[in-house]
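Bear in mind these aren't lab numbers, they're just calculated from the coordinates by the rules spelled out. Quick caveat: nothing in here was measured; it's all calculated off a predicted structure. When we count neighbours, we look across all protein chains shown, and the Cβ atoms used for this are built from the backbone with ideal geometry, even at glycine.
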Amino acid sequence: MFSGKNKQPETAEIQLDPDRIPEHVAIIMDGNGRWAKKRHLPRVAGHKQGMETVKTIAKAASRMGVKVLTLYAFSTENWKRPQDEVKYIMKLPVTFFNTFMPELIEENVRVKVMGYLDDLPAQTLKAAQDAMKDTEQNTGMILNFALNYGSRAEIVTAAQKLAQQAVDGNIQPDEIDDHLFADNLMTAFLGDLADPDLLIRTSGEERISNFLLWQIAYSEMVFVDDLWPDFSTETLRKAIATYQNRDRRFGGI
Ligand SMILES: Cc1cc(N2CCCCCC2)n2ncc(-c3ccc(F)cc3)c2n1
């Protein structure tokens, strides 16, 4: 770890500005299947290892001072995958909480799950509901799982809700602005923290894949080559350091 007379660490930890930690970090956790394929393992082995990475990164983000960590766990399009893979994936929330809830409580982490939850298998939904209930008093980082989530569907649902309010005479069309629209999205519970400061996607892909399309309007995006199961605390620190070295303009000059 230490080399020569300088006694400096050979792999110095990335130094971050503690005053500029992104409040809301969102991650598209990609590359689980490729991770397994590289090791001649079944795809589900990648998902299993990916869940362990969720535990590591959730704790690391909490200790770095991130206020909200949103993780894209399952999209509305993922139901098209082989049914045995979907069946396995849908059990991961149950396993996650059965094996990690004590550490989440110890970290004072509050769990939220957003998506079309009514379409989830009963055991998956119960695990998510129990975790939200068991951590609702926690005041630390919000660990927000996007589960059976799709951004275009989320936007359409918000438009339908507002249209119905107008039809019912509860709002006038000209009352609909950014704030009222955002109040009808699944991230409304986050208030001023709803929009990610930093969006990370793993595995080298540089696509948004129908994730938080409204919310990432001004987000910094960092694409890393690491496959999600290989994503480490150091990779997270490097992504945050990249974010801190950028000068965000929010449309200004
Ligand atoms: C569907 C799915 C897939 C899933 N993978 C592991 C991470 C990589 C992405 C795909 C597979 N993980 N990992 C954690 C959860 C989870 C979700 C909700 C919750 F309340 C608690 C845990 C999860 N859910």
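Would you work out if the stretch 187-253 is rounded, prolate or oblate? Take a ≥ b ≥ c from the square roots of the eigenvalues of the alpha-carbon gyration tensor; rounded if a/c is under 1.5, else prolate when a/b is larger than b/c, oblate otherwise. Judged from the Cα gyration tensor, the stretch 187-253 comes out prolate (a/c at least 1.5, a/b above b/c). Based on C-alpha pairs under 8 angstrom that are at least 6 apart in sequence, the chain has a relative contact order of 28 percent. Computed from label points 7 Å out along Cα-Cβ, the spacing between residue 172 and residue 225 is 5.8 nm. Among rounded, prolate and oblate, which fits the stretch 30-115 when a ≥ b ≥ c are the square roots of the eigenvalues of its C-alpha gyration tensor, a/c under 1.5 means rounded, and a/b larger than b/c means prolate? Here the stretch 30-115 falls in the prolate category.
Longer than 25 Å from Cα to Cα, which of 48/161; 91/133; 48/126; 37/59; 80/238 are they? Say none if no pair is. Don't skip to the end; give the middle numbers.
Working: 48/161 37 Å; 91/133 19 Å; 48/126 20 Å; 37/59 27 Å; 80/238 34 Å.
Beyond 25 Å between Cα atoms: 48/161; 37/59; 80/238.
Extension gain, residue 181-residue 20: 0.36 nm per intervening residue step, less the Cα-Cα distance, totals 55.1 nm. Positive end of the dipole of the chain, charges at C-beta (+1 Lys, Arg; -1 Asp, Glu), about the Cα centre: which of 176, 189, 24 has its Cα farthest in that direction? Working it through, the farthest residue towards the positive pole turns out to be 24. A simple charge model with +1 on the Cβ of Lys and Arg, -1 on the Cβ of Asp and Glu and nothing else charged puts the dipole of the chain at about 1180 debye relative to its Cα centre. Within the stretch 60-163, the proportion of Cα pairs with more than 24 Å between them is 28 percent.
Compared with the dominant principal axis of the Cα atoms in the chain, helix 151-167 is inclined by about 30°. Taking 0.36 nm per residue of separation and subtracting the current Cα-Cα distance, fully stretching the chain between residue 84 and residue 161 would add 24.2 nm.
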